[in-house]
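Bear in mind these aren't lab numbers, they're just calculated from the coordinates by the rules spelled out. Because the structure is a prediction, the values reported are computed rather than measured. Counting neighbours? That spans all protein chains shown, and the Cβs are built from the backbone with ideal geometry, glycine included.
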Amino acid sequence: MGKPQFGALAGALAALGTVLGVFAGELRTDGYESYVSSVTNAAGVMYVAAALVLLTWYRDARRQSE
């Protein structure tokens, strides 16, 4: 997996997390409190996944430089 794919994947996951966060805010304003925590958790998972992809990218770069 080349470096552009790592960046694209991390960017897409972070964008999805942002969209889900905005969606959770919309759900809260519309009165759907029962769904807000689930959507917020999904947004958090997307951010963690993006961070793990970036960590993998970093570790892969370190491994190849040795």
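Here are the numbers:
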read-out	value
Pairs, first of a type in the set (Phe, Trp, Tyr) in the range 40-65, second assigned to a helix (DSSP H, G or I), C-beta under 8 Å, six or more apart	Tyr47/Leu13; Tyr47/Ala14; Tyr47/Gly17; Trp57/Lys3; Trp57/Phe6; Trp57/Gly7; Trp57/Ala10
Looking only at the range 15-39, and only at residues there that are among the hydroxyl-bearing types (Ser, Thr, Tyr) and surrounded by 13 or more Cβ atoms within 10 Å (Cβ to Cβ), the one that is nearest to Arg63 (Cα to Cα)	Thr18
Residue within the range 17-32 that is outside any helix (DSSP H, G or I) and of a type in the set (Phe, Trp, Tyr) present	yes
Criterion (under 30 Å from Gln64 (Cα atoms) and surrounded by fewer than 17 Cβ atoms within 10 Å (Cβ to Cβ)) met by exactly one of Ala12, Ala42	Ala12
The range 49-66, residues that are among the aliphatic types (A, V, I, L, M) and surrounded by 12 or more Cβ atoms within 10 Å (Cβ to Cβ)	Ala49, Ala50, Ala51, Leu52, Val53, Leu54
